Amino acid sequence: MNDIAHNLAHVRDKISAAATNCGRAPEEVVLLAVSKTKPASAIAEAIDAGQRAFGENYVQEGVDKIRHFQEAGVEGLQWHFIGPLQSNKSRLVAEHFDWCHTVDRLRIASRLSEQRPATLAPLNVLIQINISDEQSKSGIALSELDALAAQVVELPGIRLRGLMAIPAPETEYQRQFAVAQQMAVAFETLKTRYPTVDTLSLGMTDDMAAAIAAGSTMVRIGTAIFGARDYTKN
Ligand SMILES: *Cc1c(COP(=O)(O)O)cnc(C)c1O
């Protein structure tokens, strides 16, 4: 087994253990492998080890990788855009990705909907919540969610699937869980209102167990699968 296959198996075990510990089925939690800054060769190793869903933060880098695997004839992959999205890059996301986790204003949602090619299924979107209320982070406040969700569900080119958040780092489990639970409550409420909603994208390497205990359905893991990132090369 190579390192990436080995790391993936380890992360899957951790997800299973976290789910089982709180009485959930491991299949309820999707593993999104965050491959930003990593070469296509690393992604290919993860694909060989059975991974299908990948998360990318930079639009052009992600599109290059999507094209690479399309040209190689690899089918069944799912590409998630998880980085901050500027309006002038929305078209590339609408044309190439399957999901966008970072919708936080109507303008971006409308552009994604208009720019989604009619030949493709609607783009799956998550509304990003700035759950720790950090100045530096994107996302809306929970108090703004109802209004934005009601507008997003009217747009034909996108499909509202749920919520995403990047909580401020916390080392203590109880604090991680408290924040994750706020997200889970908002998610459950949204789910009762809109039948397309089924995804809570929450939990990274250090807070995965708390996120899963609270009800996350998708964890986003990079370093624990692909190793540390080297930003000096970009
Ligand atoms: C980079 C990133 C991750 C993965 O982070 P790791 O610490 O490498 O596991 C998850 N979510 C988002 C939004 C990211 O940008």
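The values are calculated or read from the model by the stated rules, or taken from the named source; none is laboratory data. All values reported here derive from a predicted model rather than from experimental measurement. Neighbour counts are summed over all protein chains in view; Cβ atoms, including those assigned to glycine, are modelled from backbone coordinates with ideal geometry.
Details
- Checked against (1) surrounded by 18 or more Cβ atoms within 10 Å (Cβ to Cβ); (2) away from the ligand (no atom under 16 Å from the Cβ), VAL103 passes all but condition (2).
- Yes/no for TYR173 being away from the ligand (no atom under 14 Å from the Cβ), aromatic (Phe, Trp, Tyr), surrounded by fewer than 17 Cβ atoms within 10 Å (Cβ to Cβ) and more than 14 Å from LEU32 (Cα to Cα): yes
- Residue check for ALA228: within 11 Å of the ligand (Cβ to nearest atom), farther than 18 Å from VAL29 by Cβ and either at pLDDT 95 or above or part of a loop (DSSP other than H, G, I, E, B) (or both): yes
- The set of residues from the range 189-206 being under 17 Å from the mean Cα position of the chain (by Cα) and more than 10 Å from the ligand (Cβ to nearest atom) comprises THR196, VAL197, ASP198, THR199, LEU200.
- Scan of the range 177-213 for residues that are small (Gly, Ala, Ser) and surrounded by fewer than 16 Cβ atoms within 10 Å (Cβ to Cβ), ordered by number: ALA178
- Taking the range 208-225 as the range and being more than 10 Å from the ligand (Cβ to nearest atom) and part of a loop (DSSP other than H, G, I, E, B) as the test, the residues that pass are GLY215, SER216, THR217.
- Any chance ALA42 is outside any helix (DSSP H, G or I) and within 15 Å of the ligand (Cβ to nearest atom): no
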